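K.L.:
A single structure is presented below for examination.
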Amino acid sequence: MYKKISTKKLQPGMYIVDTGIPWLDNPYLYSADTEVTEALVKTILNDGFLEVYIDPDRSQLQIDYDALEIIENPPAEPAAEPDAQAEESAPATTGYPMPDIPILAEMDAARNTYVCALEQAQTFMDGIRRNDNVDLRKAKPLVDDMLKSLGRNQDALMSLCKLRSRDDYTYSHCVNVSVLGAAFARHMGFPPEIQHAAGMAGIFHDLGKAQVPLDILNAPRALTEQEFAFLRKHPRMGYEQVKKTPGFSQDILMGVYDHHERFNGHGYPRGVSGEAVSVTGRILAIADVYDALSSNRSYKEAIVPHRVLGIMYQMRGEDFFPGYMEHFIRMLGIYPAGSVVEMQDGTVGVITGSNSATPTRPRVLIVRDAEGYPCRPVEIDTNLPEVPAIQRCLTPAETDVDATLLLGVY
Ligand SMILES: [Fe+2]
């Protein structure tokens, strides 16, 4: 008989079982068939899991498990279905279409698009900072290419968002928010003009920061109240900048303006709530927070995407429009493509794509053997029986695996 216990009571020698309960149904439950080690306890607590199911019969540790059992369970998380409000404002999702081609076949085109977008984002941002005449319309063909790549295999371009170099945050953040915003609008089944507007607004969303002095933007200290108030004007300043370009839709302009607005009205600069936040603003708010939290910055280490999604899931319906976060997680998969993971047998691999029906069991390209030596890359589907499950996500500091290179050359 399995016992549900708090992760704080975990001890080496216990045996955790995989309940098969979807993470989306209970994001606080750690689920895997594995023996508990000291390292695993640390990982589970770090990743924010609160509960596990233990099998006393398979545990090496013989103690009174009844005494540890959680009898009064916290109320179950509501099923991860979009609520009525979200259904009204968002079209039906496109479901889980199979990609037209495998991720590895799309990587060259995706990389080309990503690099061009990166150069363009730098040209826009630096040009405006220098007061040059910058033609923002040049972003249009780039966003067209992004949407084509996402249509062939969305995981290719999205994996590059995760794998960028660590010292180009200002520009790569613009491209990532653009890619994730366009992909998210597409996943939610919004019409092509909204998908395109989300991509365009993503590239431009922080353009207002070009008017913020660099010593404020890069200050390795807490900002003064005045400096902070000025920084919070950047969505409005970006909007004013983008508005100068003839022919840009209201969806593009409002995406830039609203990317820091929140569903509960606690955002800025307008402080509006609910339906008053533009659709492109709602989409970009999620893409922006996801990319910021999963990035390395001078003042903080990147958080592994798996955990970022868990944190953001808890913000759903407050910061983010009801139903949107659930769709975002379904789009990325619980282990987004490009994540480096350790398997239960000690091998190490890179996530190459999700199984939408079973998001905890994606496809993985194994690149290190159990001793840590490079091996001939083999792609496995962890949804198949007798294939080792994922043990944990590795942070960049824990691994020397260059996932960009692997996904590009394999
Ligand atoms: Fe911003």
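K.L.:
Filter segment 339-398 down to the residues that are of a type in the set (Lys, Arg) and either assigned by TED's automatic domain parsing to the domain that holds GLU35 or within 21 Å of the chain's Cα centre (by Cα) (or both) and list them by number. Steps first, please.
P.N.:
Here is the first cut: in segment 339-398, the residues of a type in the set (Lys, Arg) are 361, 363, 368, 376, 392.
Correct list: ARG361, ARG363, ARG392.
K.L.:
Further question on the same structure: Could you pull out the residue among ALA86, ALA109, ALA67 that is in a helix (DSSP H, G or I) and at pLDDT 90 or above?
P.N.:
After ruling out the rest, the residue left standing is ALA109.
K.L.:
Same structure again: Among the candidates LYS233, LYS209, which residue alone is assigned by TED's automatic domain parsing to the domain that holds TYR290, open to solvent by 30 Å² or more (accessible area, probe 1.4 Å) and closer than 15 Å to ARG129 by Cβ?
P.N.:
Every option except LYS209 fails the conditions.
K.L.:
What number of residues in segment 329-360 are within 23 Å of ASP291 (Cα to Cα) and either of a type in the set (A, V, I, L, M) or touching a strand residue (DSSP E or B) at 6+ places or on another chain (Cβ under 8 Å) (or both)? Full working, then the answer.
P.N.:
Let us first name the residues in segment 329-360 that are within 23 Å of ASP291 (Cα to Cα), namely 329-342, 349-356, 359-360.
After this cut, where a residue has to be either of a type in the set (A, V, I, L, M) or touching a strand residue (DSSP E or B) at 6+ places or on another chain (Cβ under 8 Å) (or both) as well, the list is 329, 331-342, 349-355, 360.
Residues flagged as within 23 Å of ASP291 (Cα to Cα) and either of a type in the set (A, V, I, L, M) or touching a strand residue (DSSP E or B) at 6+ places or on another chain (Cβ under 8 Å) (or both) within segment 329-360 amount to 21.
K.L.:
Working only within segment 166-193, note down all residues that are farther than 22 Å from ASN112 by Cα, touching a residue at least 60 places away in the same chain (Cβ under 8 Å) and surrounded by fewer than 24 Cβ atoms within 10 Å (Cβ to Cβ).
P.N.:
The answer is HIS187, GLY189, PHE190, PRO191.
K.L.:
While we're on this one: Taking segment 112-132, which residues are closer than 23 Å to THR352 by Cβ and either open to solvent by 80 Å² or more (accessible area, probe 1.4 Å) or modelled with pLDDT under 90 (or both)? I'd like the intermediate steps shown before the answer.
P.N.:
From segment 112-132, those closer than 23 Å to THR352 by Cβ are 112-115, 117-118; that's our starting set.
The answer is ASN112, and nothing else.
K.L.:
Mind checking which residues of segment 218-228 are surrounded by 12 or more Cβ atoms within 10 Å (Cβ to Cβ) and within 14 Å of the ligand (Cβ to nearest atom)?
P.N.:
none
K.L.:
Continuing with the same structure: What single numbered condition from (1) modelled with pLDDT of 95 or more; (2) part of a helix (DSSP H, G or I); (3) touching a Lys or Arg at 6+ places or on another chain (Cβ under 9 Å) fails to hold for GLY281?
P.N.:
If we test GLY281 against (1) modelled with pLDDT of 95 or more; (2) part of a helix (DSSP H, G or I); (3) touching a Lys or Arg at 6+ places or on another chain (Cβ under 9 Å), just (3) comes out false.
K.L.:
Has segment 281-288 got any residue that is away from the ligand (no atom under 16 Å from the Cβ) and either in contact with an Asp or Glu (Cβ under 6 Å, 6 or more places away or on another chain) or farther than 30 Å from ASP369 by Cβ (or both)?
P.N.:
Taking every residue of segment 281-288 in turn, none turns out to be away from the ligand (no atom under 16 Å from the Cβ) and either in contact with an Asp or Glu (Cβ under 6 Å, 6 or more places away or on another chain) or farther than 30 Å from ASP369 by Cβ (or both).
K.L.:
Inside segment 241-257, can you point out the residues that are within 13 Å of the ligand (Cβ to nearest atom) and of a type in the set (Gly, Ala, Ser)?
P.N.:
Listed by number, the list holds a single entry, GLY255.
K.L.:
Moving on to the next point. Only one of TYR15, TYR30 is surrounded by 14 or more Cβ atoms within 10 Å (Cβ to Cβ) and either modelled with pLDDT of 90 or more or acidic (Asp, Glu) (or both); which?
P.N.:
TYR15 is the lone residue from the list that is surrounded by 14 or more Cβ atoms within 10 Å (Cβ to Cβ) and either modelled with pLDDT of 90 or more or acidic (Asp, Glu) (or both).
K.L.:
Go through (1) open to solvent by 10 Å² or more (accessible area, probe 1.4 Å); (2) at negative phi for ALA198 and report which single condition fails.
P.N.:
The failed condition is (1).
K.L.:
Moving on. Quick check, is ASP215 free of Cβ contacts under 8 Å to residues at least 24 places away in the same chain, among the charged types (D, E, K, R) and more than 11 Å from the ligand (Cβ to nearest atom)?
P.N.:
yes
K.L.:
Tell me the residue from TYR290, TYR268, TYR257 that is open to solvent by less than 30 Å² (accessible area, probe 1.4 Å), among the hydroxyl-bearing types (Ser, Thr, Tyr) and farther than 30 Å from GLY338 by Cβ, please.
P.N.:
Testing whether each residue is open to solvent by less than 30 Å² (accessible area, probe 1.4 Å), among the hydroxyl-bearing types (Ser, Thr, Tyr) and farther than 30 Å from GLY338 by Cβ leaves just TYR257.
K.L.:
Which numbered condition trips up ASN131, out of (1) in contact with a strand residue (DSSP E or B) (Cβ under 9 Å, 6 or more places away or on another chain); (2) on the phi > 0 side of the Ramachandran plot?
P.N.:
Single failed check for ASN131: (1).
K.L.:
Sticking with this one: Working carefully through the options GLY238, GLY199, GLY274, GLY189, find the one that is within 11 Å of the ligand (Cβ to nearest atom), within 26 Å of the chain's Cα centre (by Cα) and in the same structural domain as PHE321 (by TED's automatic domain parsing).
P.N.:
Numbers: GLY199 fails: within 11 Å of the ligand (Cβ to nearest atom); GLY274 fails: within 11 Å of the ligand (Cβ to nearest atom); GLY189 fails: within 11 Å of the ligand (Cβ to nearest atom).
Result: GLY238 is the single residue among GLY238, GLY199, GLY274, GLY189 that is within 11 Å of the ligand (Cβ to nearest atom), within 26 Å of the chain's Cα centre (by Cα) and in the same structural domain as PHE321 (by TED's automatic domain parsing).
The values are calculated or read from the model by the stated rules, or taken from the named source; none is laboratory data. Nothing here was measured: the structure is a model prediction, and the numbers come from that model. FYI the Cβ positions are ideal-geometry reconstructions off the backbone, even for glycines, and counts take in every protein chain you see. SASA here: full protein model, heavy atoms, side chains in, ligands and nucleic acids out. Shrake-Rupley method; radii C 1.70, N 1.55, O 1.52, S 1.80 Å.
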